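Take a look at the structure set out below.
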Amino acid sequence: MWSVRLIDPPMRFREDVLVDLIRKFRELWMGTIVPDPNAVGKSADLAKWDLILKAVTTFVALATIIFAVVQYEGNVREHQISAYRESSQPFLEKQLATYFEVSDVSSHLATAVDPASIDKKSLRRFWELYWGQLGLVETEAVDEAMVTFGAYLNAFQHKKVDSSCLQRSSLYLQHELARSLESEWGRSALPNALPNPYPIVSNPCLIDINKYRS
């Protein structure tokens, strides 16, 4: 899959300033900082309010910085996600088109009632996708489902399984295609997607996959 190297923006918050503000606020809050010596002539109440004002000012400054940091991190994360999606868009679109073609071809093959009625054009295109284009965009799960369907297709042509087994294997392939698309595009892109968890049976008729795989 295509990838993008996300570069952090050059702006950095000075951690030493933030730590210093936190330390000062804690000292003010715990009462370890005494009023300004120049304020000796003030009354005790004025000195107390002067201390409180400093504490409130420090707290407001600290809260403002924390809010700015949180907002900054959120913006950076949003930028990274946007950049990733933009760079991956051509790959995802190609994957989507290939998956839909695989779905269409395999469904045509699964409707055959016997080996003699298999559509030759669909059969040829299936193996072209199997050995070529699909390998560029498929996930590991889709690859496994494709191999399984190919094995059932060979077994069906050798009259080792009936059409119902081929159809159930096709459904397994469709489910894995849907799951792969959901992981890349999100459920919102598949409003009528299959329920989760999907009722998947990877080897519905329990054949020896390795014996019939291509």
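I'd like to verify a number: residues in the stretch 105-147 that are of a type in the set (Lys, Arg) and surrounded by 14 or more Cβ atoms within 10 Å (Cβ to Cβ), how many?
Keep residues of the stretch 105-147 that are of a type in the set (Lys, Arg), which gives 120-121, 124-125.
Next, from what is left, pick out any that are surrounded by 14 or more Cβ atoms within 10 Å (Cβ to Cβ): 125.
Residues in the stretch 105-147 being of a type in the set (Lys, Arg) and surrounded by 14 or more Cβ atoms within 10 Å (Cβ to Cβ): 1 in total.
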ask   = In the list Ile81, Ile33, Ile52, Ile22, which residue meets the criterion of being assigned to a loop (DSSP other than H, G, I, E, B), modelled with pLDDT under 75 and not charged (D, E, K, R)?
value = Ile33
ask   = Assuming Val147 fulfils every condition listed in (1) part of a helix (DSSP H, G or I); (2) within 13 Å of Leu166 (Cβ to Cβ) apart from one, which condition is it?
value = (2)
message = I'm told Lys121 meets every condition in (1) assigned to a helix (DSSP H, G or I); (2) at pLDDT below 95; (3) not hydrophobic (A, V, I, L, M, F, W, C) except one. Can you identify the failing condition by its number?
response = (2)
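It is to be established whether one or more residues within the stretch 38-48 are modelled with pLDDT under 75 and in contact with a Phe, Trp or Tyr (Cβ under 8 Å, 6 or more places away or on another chain). Quick ask: steps written out before the conclusion?
To start, the set of residues in the stretch 38-48 that are modelled with pLDDT under 75 comprises 38-48.
Going one step further and asking which of them are in contact with a Phe, Trp or Tyr (Cβ under 8 Å, 6 or more places away or on another chain), we end up with none.
Looking for residues that are modelled with pLDDT under 75 and in contact with a Phe, Trp or Tyr (Cβ under 8 Å, 6 or more places away or on another chain), one finds none in the stretch 38-48, hence no.
Has the stretch 108-119 got at least one residue that is over 30 Å from Glu184 (Cα atoms), free of Cβ contacts under 8 Å to residues at least 12 places away in the same chain and touching a His at 6+ places or on another chain (Cβ under 6 Å)? Steps first, answer last, please.
Within the stretch 108-119, the first condition is being over 30 Å from Glu184 (Cα atoms), and the residues that meet it are 112-119.
If we keep only those that are free of Cβ contacts under 8 Å to residues at least 12 places away in the same chain as well, we get 116-117, 119.
This time we only want the ones that are touching a His at 6+ places or on another chain (Cβ under 6 Å), so: 119.
Among the residues of the stretch 108-119, at least one is over 30 Å from Glu184 (Cα atoms), free of Cβ contacts under 8 Å to residues at least 12 places away in the same chain and touching a His at 6+ places or on another chain (Cβ under 6 Å), which makes the answer yes.
Quick check, is Phe91 surrounded by fewer than 11 Cβ atoms within 10 Å (Cβ to Cβ) and either under 19 Å from the mean Cα position of the chain (by Cα) or not basic (Lys, Arg) (or both)?
Working: surrounded by fewer than 11 Cβ atoms within 10 Å (Cβ to Cβ): no; either under 19 Å from the mean Cα position of the chain (by Cα) or not basic (Lys, Arg) (or both): yes.
Criteria not met by Phe91.
The values are calculated or read from the model by the stated rules, or taken from the named source; none is laboratory data. Everything numeric in this text was worked out from a predicted model, so none of it was measured. Here Cβ is always computed from backbone atoms with ideal geometry, including for glycine, and neighbour counts include all displayed protein chains.
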